[in-house]
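Trainee: One structure coming up, written as structure tokens, with questions to follow.
The values are calculated or read from the model by the stated rules, or taken from the named source; none is laboratory data. None of the values given here were measured: they were computed from a predicted structure. Neighbour counts run over all protein chains shown; Cβ positions are idealised from the backbone, glycine included.
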Amino acid sequence: MPAIAEEHEKKDEKKKQVVRRKPTSDKRKAKKWFEIIAPGAFNNVTLAWSPAVDEEQMINRMIHVNGMEFGSRKSPAELMFRVNGVQGLKAGTRLQGFEISPGYLKRMVKRHSTKVEHTQRAHTQDNHTVKVKTLVVAAIKLDRAKETGIRKIVENAVRMAATGATAEAFINDLAFGTFSQRVLGALKSIGNVRRVEFVAAKIES
């Protein structure tokens, strides 16, 4: 008989353990689905749906989107959007940055060419700091003097463009605009430069 009593006690304890797990399930049911909306420059399209307990939990959430998904505005980059405001069940975002895949960049650089890389921080009109990585590809081998000249032109062009735009507009132009073509035109005098690509950009502060 004591053994049977002990068995009943164990079953009762198991039931108690199951009850203690219920709040976890209830908490999941309490989550709401928020529609994450792109900024106006991207026609306020829906980027994704994401669950959260409340609006505060959504703030600063990052969403990564393939740049080829924006209709006529296409980019080989992966775009990063940060949630910066919530109204009801709709979460607004701003463009936080982008990055181009290493595979795409590898196809750009052929044998017997020169790859010039440059990283800098630029300050925008709305007092943000944006980290920008640039890749310049020349069809021939370049000496160090020409590589230095290329970096100086890129540095100045990026700095000037940033000071005249908001951080979001600046990043948008790097990813989708004609800025790379304008920089390419400025580099023609140095050597046989055939491609300028902004590899990555991100708001740091």
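Trainee: Does the range 197-204 include one or more residues that are surrounded by fewer than 16 Cβ atoms within 10 Å (Cβ to Cβ) and of a type in the set (K, R)? Give the derivation first.
Mentor: Initial filter on the range 197-204 (surrounded by fewer than 16 Cβ atoms within 10 Å (Cβ to Cβ)): 204.
Then keep just the ones that are of a type in the set (K, R); that gives none.
No, the range 197-204 contains no residue that is surrounded by fewer than 16 Cβ atoms within 10 Å (Cβ to Cβ) and of a type in the set (K, R).
One line per residue, one yes/no per condition, for (1) of a type in the set (A, V, I, L, M, F, W, C); (2) more than 15 Å from S75 (Cβ to Cβ):
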position: G149; (1), (2): no, yes
position: V154; (1), (2): yes, yes
position: M160; (1), (2): yes, yes
position: Q181; (1), (2): no, no
position: A186; (1), (2): yes, yes
position: I190; (1), (2): yes, yes
position: A200; (1), (2): yes, no
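Trainee: Also: Condition check: closer than 20 Å to R195 by Cα, of a type in the set (A, V, I, L, M, F, W, C) and within 24 Å of the chain's Cα centre (by Cα). Does V130 satisfy that?
Mentor: Working: closer than 20 Å to R195 by Cα: no; of a type in the set (A, V, I, L, M, F, W, C): yes; within 24 Å of the chain's Cα centre (by Cα): yes.
Answer is no for this residue.
Trainee: Also: When the residues of the range 55-91 are narrowed to those that are in contact with a helix residue (DSSP H, G or I) (Cβ under 7 Å, 6 or more places away or on another chain) and not in a strand (DSSP E or B), which ends up surrounded by the fewest Cβ atoms within 10 Å (Cβ to Cβ)? So that I can check it myself, show each step before the final result.
Mentor: Taking the range 55-91 first, the residues in contact with a helix residue (DSSP H, G or I) (Cβ under 7 Å, 6 or more places away or on another chain) are 67, 70, 73-79, 83, 86, 91.
Within this subset, residues satisfying the condition of being not in a strand (DSSP E or B) are 67, 70, 73-76.
On the way: G67: 17, F70: 18, R73: 15, K74: 12, S75: 19, P76: 16.
By that ranking, first place goes to K74.
Trainee: Any idea how many residues of the range 109-127 are part of a loop (DSSP other than H, G, I, E, B) and either in the same structural domain as A41 (by TED's automatic domain parsing) or hydroxyl-bearing (S, T, Y) (or both)?
Mentor: Start the filter on the range 109-127 by keeping residues that are part of a loop (DSSP other than H, G, I, E, B), which leaves 109-113, 124-127.
With either in the same structural domain as A41 (by TED's automatic domain parsing) or hydroxyl-bearing (S, T, Y) (or both) added as a condition, the list becomes 113, 124.
Result for the range 109-127: 2.
Trainee: Then there's this: Which one is farthest from the chain's Cα centre (by Cα) among residues in the range 142-164 that are surrounded by fewer than 21 Cβ atoms within 10 Å (Cβ to Cβ) and part of a loop (DSSP other than H, G, I, E, B)? Talk me through it step by step, then tell me what you get.
Mentor: First, pick out the residues of the range 142-164 that are surrounded by fewer than 21 Cβ atoms within 10 Å (Cβ to Cβ): 143-149, 151-153, 155-157, 159-161, 163-164.
If we keep only those that are part of a loop (DSSP other than H, G, I, E, B) as well, we get 143, 164.
Details: D143: 34, G164: 22 Å.
Here the residue is D143.
Trainee: If we scan the range 153-169, do we find a residue that is under 27 Å from E69 (Cα atoms) and among the basic types (K, R)? Outline the logic, then answer.
Mentor: Step one: list which residues in the range 153-169 are under 27 Å from E69 (Cα atoms), which gives 158, 161-162, 165-169.
Restricting the remaining residues to those that are among the basic types (K, R) gives none.
No, that holds for no residue.
Trainee: Counting only residues that are within 20 Å of the chain's Cα centre (by Cα) and without any contact (Cβ under 8 Å) to a residue 12 or more places away in the chain, which one in the range 75-105 is nearest to R151 (Cα to Cα)?
Mentor: Here the answer is P102.
Trainee: Quick one: is K106 assigned by TED's automatic domain parsing to the domain that holds L174, over 23 Å from T46 (Cα atoms) and in a helix (DSSP H, G or I)?
Mentor: Details: assigned by TED's automatic domain parsing to the domain that holds L174: yes; over 23 Å from T46 (Cα atoms): yes; in a helix (DSSP H, G or I): yes.
Considered against the rule, which asks whether it is assigned by TED's automatic domain parsing to the domain that holds L174, over 23 Å from T46 (Cα atoms) and in a helix (DSSP H, G or I), K106 comes out as yes.
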